[in-house]
Amino acid sequence: MNMTVLDWLVVVGVLTLFTAMAVLANRLTKSVSDYLVAGRCAGRYMLTVASGMEWIGAINIVAMVEVYYLGGFTAMWWVMLCTPFTVYMCVSGWGVYRYRETRSMTIAQFLETRYGLKVRLTAGILSWTAGMFNFGFFPLISARLFISLIGLPTHFHLPGLPGWEISTFVALASTMVILPLGFIVMGGHTTVMVSNFMQGLFTNVAAVIIVATLFFTVFDWHAISTTMLANCKPDASLFNPLHASGTKDFNAWYFIIAIVGTWYGAMSNVPSQAFLGSGKTAHEQRMGYLLGQISWQGLLVFFMMIAVCSFNLLHNPEHAATAAKVRDALVTVPEGMQGKVQAVATLPYLLPAGLVGLFCAILLAALISSHNGFMHAWGGVLLQDIILPLRKQPLSTKHHIWALRAAIIFVGFIAFLLSISFNPQQSILMLFAAVNSIWLGPAGAVMLGGLYWKKGTTQAAMTTLIAGSLVGMVFFVLQQGWPVWYNKAEFPINGQYCFLINIAFSVSIYAGLSLLTCTEDFNMEKMLHRGRYAITDEALPVLRPTRWWQSIFGITPMFNLRDRITAYIIVGWFLFWLGTFIVGMIYGFFAKPSDAVWVTFWYVYLCLNFAVLVGTTVWLGIGGIKDVLSLFSTMGAADRDFSDTGESKHNSH
């Protein structure tokens, strides 16, 4: 056992705090819109922290550490190129602004408004099926992670029943589902928003403590850089991005495709749909989306610090005895999972007592947040987008909320069954790319086409969804079956390339069929509630004059002074690193700097981003606490529209 009494006390104390906040938030849920989109009362800082926690699940912490453990700092170099494109997507409100204007609670509700009931049903079935395959990996990897981190045995006996041997993995996998269910079934998305915010604030503070502790204890930059340089191939450098063409999976092309996929799939991630509809206004939604980028940037140093310290422990000859202990402990983990959890499994040997428990509490917070979001999303899809459209009579508010709870519990049960059946062989992010292609491949074309193109047709949407999902499914089956059919050999096209191929295929199908079948333009003004269709209960932003150079920072007339300062800080920061990337590529190509130069650069980079982690923790924490208090005040006093249930009211041309 790698946990002391102090570690367990930390975990129990943090879990108690989260539970108390969830119980408090549960009292605010009185309508279907409260349960699905938190009454549309969330402010930008709360949105940033709460929605961010959905994507910083325990499985994603493992995935990000794995990326930097395998790809080193060269992976971080390509992030410098990717992030400014993502920032501009956020500050422009790409997809998010228009989606919030439609007032849709779910993606499939929007699809019915835009294309009709058949498309909604088809999208609901396809997205739910692909989503459950994806979500099935969450309890699996989370359970394996906790077993290796805590040092649990493979089996245990219940007191008084010595003949009953229970699998630790199965018990933990079920706990990974049951624990988040306790949060989500209480108050739906209102509870998710509040508890996710508290978990996110805790995660940021704990990350600062852990990074600072590692930096002032086991972080020996000379030893780390020497070890990393000695254990990389000539064409797969862990420091010099110009000498990393041989890096497996997480090379330049992975991140370039990620840019395309981020813009393309901005509105197709079903698990984020409740957050996309929870903002007070469309503009507040956009600002929360933008703030999320600087929050994520700070956490990258947390992942990187764990990756490089664990790399040094596992590969430095001075730590050979400790490394052997870590590898011996991983023997009980299935072979396909060992590489995924080995870096995190070193933390009990890197952190002092108490901080191992703090890291476990981070994983627990991340697990609850992400599992909450995913179960809420897929339960909502199952009921709102598959079952209810087939009913002739609407449910009462009370029965509707209880039906949502039942759907969420069913989703958790299916996820548990899938988790004890899978045995993944790929890296986590490549696995996600392959699975997500089943839905995200066709959905991006249908969603963005529906939001921005008046000529998109129902026939094109239906054909794209079915054909694109079939292409994604074929790729997924090939990826999983290839090692079995060809003596553990990997499928020659990795998950990221499969995703790109499906994007190109789906866009071609949607655009071509729309042009062939469009006979009348769709009424976009009505769908977006603009002009004479505007909603009167939402305040319109005051328009202010702008100068041409402010467009560089994504500023529009809707930005007030606070918004503009935020844009200057965030966009300016990432433009600085984009400039660094461009200069670095030119300098590296012509001057061919030594490894020592790159080592120095990355040390400075780590220090600067640690400062970002500290700064964003304070900034978003203060703003988020104000937003939580505002949400409690607004929802406590608000009059509910009990007819606002997520059902489509129009489909107009």
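All conditions in (1) open to solvent by 10 Å² or more (accessible area, probe 1.4 Å); (2) touching a residue at least 12 places away in the same chain (Cβ under 8 Å); (3) of a type outside the set (D, E, K, R) hold for A324, with the sole exception of (2). Would you say L465 is within 27 Å of F491 (Cα to Cα), open to solvent by less than 20 Å² (accessible area, probe 1.4 Å) and assigned to a helix (DSSP H, G or I)? Yes; evaluated as a whole, the condition is true for this residue. If you go through the stretch 559-578 and pick out every residue that is open to solvent by 20 Å² or more (accessible area, probe 1.4 Å) and farther than 16 Å from P241 by Cβ, you end up with 11.
For the stretch 379-427, the set of residues classified as open to solvent by 10 Å² or more (accessible area, probe 1.4 Å) and under 23 Å from C498 (Cβ atoms) consists of L418, S421, F422, N423, Q425, Q426, S427, listed by residue number.
Screening the stretch 11-33 for residues that are at pLDDT 70 or above and not hydrophobic (A, V, I, L, M, F, W, C) and picking the one that is least open to solvent (accessible area, probe 1.4 Å) gives G13. Scanning the stretch 231-249 for residues that are assigned to a helix (DSSP H, G or I) and open to solvent by 70 Å² or more (accessible area, probe 1.4 Å) gives a single hit, H243. Quick check on the stretch 428-451: of everything there that is surrounded by fewer than 24 Cβ atoms within 10 Å (Cβ to Cβ) and in contact with a Lys or Arg (Cβ under 7 Å, 6 or more places away or on another chain), which residue is modelled with the highest pLDDT? Restricting to residues being surrounded by fewer than 24 Cβ atoms within 10 Å (Cβ to Cβ) and in contact with a Lys or Arg (Cβ under 7 Å, 6 or more places away or on another chain), the top hit is L451. Scanning the stretch 350-369 for residues that are buried (at least 22 other Cβ atoms within 10 Å of the Cβ) and on the phi > 0 side of the Ramachandran plot gives no hits.
Evaluate the following for M1: is it modelled with pLDDT under 80 and within 22 Å of the chain's Cα centre (by Cα)? When the stated conditions are applied, M1 does not pass them. Residues that are of a type outside the set (A, V, I, L, M, F, W, C) and either at pLDDT below 85 or open to solvent by 30 Å² or more (accessible area, probe 1.4 Å) (or both) within the stretch 255-267 comprise just one, T262. The selection criterion, being under 30 Å from Q338 (Cβ atoms) and at pLDDT 80 or above, holds for W8. Across the stretch 89-129, the number of residues qualifying as among the charged types (D, E, K, R) and on the phi > 0 side of the Ramachandran plot comes to 1.
The values are calculated or read from the model by the stated rules, or taken from the named source; none is laboratory data. Remember, it's a predicted structure, so these values are computed and weren't measured experimentally. We place every Cβ from the backbone using ideal geometry, glycine too, and count neighbours over all the protein chains shown. All accessible areas refer to the heavy atoms of the entire protein, side chains included, with ligands and DNA or RNA removed. Shrake-Rupley method; radii C 1.70, N 1.55, O 1.52, S 1.80 Å.
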